Structures are given as structure tokens and as C-alpha cells.
Amino acid sequence: MAETMRAARLHEVGRQMTIDTVGKPIAIGTDVVVQVQGCGMVPNLANVLANWETWYPQMPLPPLPAIFGLDPVGVVHQVGERVLAYRPGDRVYVNPGRFCRACHPCLSGTPQHCQYWTLNGYFGYNPNSLEIFRLYPEGGFCEFMRAPQEALVKLPDNIELGQATRLGYLGTSYAALKKCGPLMGKSLIINGATGTLGVGATIFALAMGIGKIFAVARGEELLARLKKLAPDRIETFSNRNGSTAEWVKAQTAGVGADLMLDTLGAKAPLESLKDAMTGLRRGGRLVDIGGTSGELGLDVKWWMDEQIELIGSVWFTGADGIEMANMIRTGAIDLSVFEPKSWPLESINEAISGVTSGDGGFTNYLVTI
């Protein structure tokens with residue numbers, strides 16, 4: 001008789017998830033099965049589940065009933081006969097990025113450019129993602145999940161479960177900072193600095209040598225908390241009090257910042273992004289990772305004359321994950337700033353509705369299995 005497991009599944013949009021008994025996956029080939037110990041919660045998961053098909057109809061969700069869950073952490077339970085790098089008992093993070101593993105982008109280290117690129121347990125980027133969902137139907141809200149071995153990142157002993165389930169958002173910020181080029185001594189605007197992506201970007205930018213961070217958000221209390229991470233290197237501004245660009249220019253003798261990350265979430269007002277980006281200096285670089293959408297209404301003459309670079313960045317690679325793990329292992333990155341808030345799998349619906357109850361990006365939400 002086939003083995004079974006518990007899984008939280010969504011059967012219908014607009015309905016709550018249910019805890020179901022489903023078949024337990026088996027590792028074959030270069031795949032592994034991970035026993036999930038915890039899975040990070042997407043801060044806007046309730047909105048995604050209710051509105052994604054209306055917001056972004058070109059980006060498919062997994063076919064229902066589906067097991068969601070974006071940032072799983074656990075131990076290797078079983079390995080396929082062609083797995084070389086992992087053994088049962090290894091403690092790992094499971095990168096949800098899935099891709100074909102055979103095209104030029106995949107083999108060149110840029111799998112996000114693959115036509116099959118998918119965030120497993122969350123959403124896809126085009127109809128090809130439906131094939132990925134078929135091959136890997138388990139997200140992290142279940143007891144066991146199958147994944148390709150290249151999705152795994154071995155975890156250092158000094159990272160706790162409630163920190164490791166944050167690696168997806170930390171990796172998104174880290175990969176975007178790498179796209180900014182060398183950071184040593186540079187200045188950086190982080191728009192949405194106190195959110196899930198923004199706090200992680202602040203921590204990694206400091207570790208990577210950034211000279212000055214211009215941290216922009218709405219709430220002054222969380223901005224004050226962020227500044228304490230490096231009082232001499234972080235300047236804060238609430239964009240409720242005026243123009244971000246004018247404030248940045250005033251802080252830089254009218255020149256502007258070298259770099260900018262926009263970390264605002266889905267459906268955030270584009271006015272904030274548009275204002276902040278004009279705080280860049282000539283030749284400045286903007287990397288967008290937050291997921292805002294819509295028509296920006298950009299003055300392309302300004303873009304050309306100021307020689308501004310605009311870059312979109314999605315998620316991170318397995319190599320990025322290994323680099324982050326090494327930075328955490330050596331103490332270059334300290335994740336103690338994050339405060340975990342968890343729910344058991346049986347309380348998945350309470351968790352989905354409770355992920356806005358913490359302190360912005362300083363709270364890490366997870367489901368324990």
C-alpha cells in the first residue's frame with residue numbers, strides 16, 4: 001500500500017484550505033524527498049489566493065486542489081539513485097525556483113530566464129509552468145515534498161528554523177544587490193525599506209560594504225528600528241512627509257544616490273516608485289524586485305539623458321543560496337533581528353489571515369509541520 005502524508009490544500013479560490021491525506025512522494029533519479037519541518041508564509045498570501053487570477057491572468061497558479069508553500073525547510077528523507085550531493089538527514093532549505101535544466105539560460109547560471117521558470121508552491125510565469133506543477137506538485141505546506149537536488153541548500157548549524165524559512169525573500173534581496181554591482185562605498189535608496197524584502201536588503205547591503213543607505217518607507221517607528229542596525233550608515237525618511245527624490249537630493253548635495261532597490265509589493269502605488277527613482281544620480285541603477293505593476297508613465301528622454309539603468313530581478317539561484325548560507329555560517333550575516341511567528345499546519349487558515357499582525361519586515365511568519 002502506498003504511503004500517505006498530511007497536506008494543506010486549496011480546493012477552490014475563495015475557500016479555506018483543508019488538511020487532506022494524500023500520497024507521499026517518492027525520490028527517483030536526481031530528485032530528493034524532504035521531510036518538511038517548516039515553511040515560510042508569503043506576507044500577502046491571502047491576497048494572492050483571492051485575486052491572483054484577476055491581477056495577473058498570464059501567470060498561472062498550480063491546478064487545484066493544490067499544495068502551496070514557498071519557503072520550505074526540513075531534512076532530506078530520501079534520495080534518488082542518481083543523487084550525489086545529499087544524504088538522508090541533511091538539513092536543507094528548498095529553493096522553489098524550478099526550470100528545465102537543459103536550455104542555454106539554465107546551463108549558463110540564469111535559470112530565471114528559462115521558459116519553464118516557475119516558483120513552485122506559488123505561481124508560474126507562463127503556461128509552461130503547468131508542466132512544472134505536474135512534475136513537482138508539492139509546495140511546502142505538507143509533511144514531505146519532492147524536489148530536484150539542485151534546489152537544495154545545505155543549512156549551517158547556526159541558523160534556526162524561524163530564520164531559515166526567510167531565505168527566499170533574503171535571497172531575492174541578495175541577488176538584486178549583486179545586480180547592482182560592487183557596493184563598497186556606494187549609496188543606495190531602498191524604497192519600502194521596512195518590509196519583508198527591504199529589511200533583508202538592508203542587512204545584506206551593510207554586509208556587502210554599502211556606504212550609505214537611504215531607507216524609505218511610511219511608518220516612522222519601524223524606520224527608527226531599522227536605523228539602529230547601523231546608525232551612521234542608514235538615513236531614514238517617511239514618504240508621508242514629502243518627496244523621496246527631493247529628500248535624497250538634499251542629502252547628497254543635489255547629486256542623488258548611486259543605486260536603488262524598489263521592494264514595494266503587489267498593487268503598491270506606482271507614484272512612490274516613480275518619485276524615488278528620480279532621486280538617482282546620473283548613471284544610476286535601479287533594480288526592481290517588489291512586484292508592483294501597472295503603467296509607470298516614464299519620461300524616456302529623462303531616462304536617456306540621465307543614463308539610468310532599469311533592471312528587473314526575480315528570485316535567486318542555487319549558487320546565491322550557497323553564498324548566503326556561507327555568509328550566515330561565518331557570521332557575516334546576523335539574522336537575529338528577525339522575530340519568528342509560527343502556526344502549526346492544522347492552523348494554516350489562521351496563519352494566512354495573520355501574516356499582517358507583526359512588525360513589518362522584522363517579523364518572519366512560518367507554518368511548522
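At what distance in angstrom do the alpha carbon centres of the range 324-341 and the range 109-170 lie from each other?
After rounding, the separation between the Cα centres reads 20 Å.
For a quick protection proxy, order the peptides 256-264, 152-160 by their average other-Cβ count within 10 Å, most packed first.
Averaged packing, sorted descending, gives the order 256-264, 152-160.
Sequence neighbours fewer than 8 away in the same chain don't count; with that in mind, list the lysines whose C-alpha is under 29 Å from Lys249.
Cross-link targets: Lys178, Lys179, Lys186, Lys212, Lys227, Lys228, Lys267, Lys274, Lys301.
For the chain, build the charge dipole from Cβ charges (+1 Lys, Arg; -1 Asp, Glu) around the Cα centre, then report which of Ile234, Asn51, Ile352 sits farthest towards its positive end.
Projecting each Cα onto the dipole axis, the largest value belongs to Ile234.
Tally Lys/Arg at +1 and Asp/Glu at -1 over every other residue whose Cβ is under 15 Å from the Cβ of Val76; what's the total?
Summing Lys and Arg as +1 and Asp and Glu as -1 gives 0.
Tally the DSSP beta bridges in the chain and give the antiparallel ones as a percent, rounded to 5. Can you show the working numbers first?
On the way: 35 of 64 bridges.
Antiparallel bridges: around 55 percent, rounded to the nearest 5.
Rounded to the nearest 500, what is the chain's calculated 222 nm mean residue ellipticity when only DSSP H runs of at least 4 contribute -39500 (n - 2.57) each, over all residues?
That calculation yields -7500 deg cm²/dmol at 222 nm.
Rounded to whole Hz and in sequence order, give me ³J(HN,Hα) for the range 260-269 from the Karplus expression 6.51 cos²θ - 1.76 cosθ + 1.60, θ = phi - 60°, writing x for Gly and Pro.
8, 10, 9, 10, 5, x, 3, 6, 5, x
Over all directions, how big on average is the projection of the convex hull of the alpha-carbon atoms in the range 253-369, in square nanometres?
Details: hull surface 42.3 nm².
With every direction weighted equally, the projected area is 10.6 nm².
Tell me, what is the 1.4 Å probe accessible area of Thr368, in Å² to the nearest 10?
Using a 1.4 Å probe on the heavy atoms, I get roughly 40 Å².
Heavy atoms only, probe 1.4 angstrom, no DNA, RNA or ligands counted: give me Met327, Met184, Met41 ranked by accessible area, highest first.
Ranking Met327, Met184, Met41 by accessible area, largest first, yields Met184, Met327, Met41.
For the range 155-238, with the dipole built from +1 on Lys and Arg beta-carbon atoms and -1 on Asp and Glu ones, taken about the Cα centre, which of Phe214, Ile159, Tyr169 lies farthest toward the positive end?
So the residue we want is Phe214.
Taking +1 at the Cβ of each Lys and Arg and -1 at the Cβ of each Asp and Glu, which of Trp117, Val248, Val42 sits farthest along the dipole of the chain towards its positive end, judged by Cα position relative to the Cα centre?
With unit charges placed on the Cβ atoms, the residue in question is Val248.
Can you give the Kirkwood hydrodynamic radius for the range 88-197, in Å, rounded to one decimal and based on Cα pairs?
In the range 88-197 this quantity evaluates to 15.9 Å.
The values are calculated or read from the model by the stated rules, or taken from the named source; none is laboratory data. Everything numeric in this text was worked out from a predicted model, so none of it was measured. Neighbour counts are summed over all protein chains in view; Cβ atoms, including those assigned to glycine, are modelled from backbone coordinates with ideal geometry. Accessible surface is based on the protein model in full, side chains and every heavy atom, while ligands, DNA and RNA are left aside. Shrake-Rupley method; radii C 1.70, N 1.55, O 1.52, S 1.80 Å.
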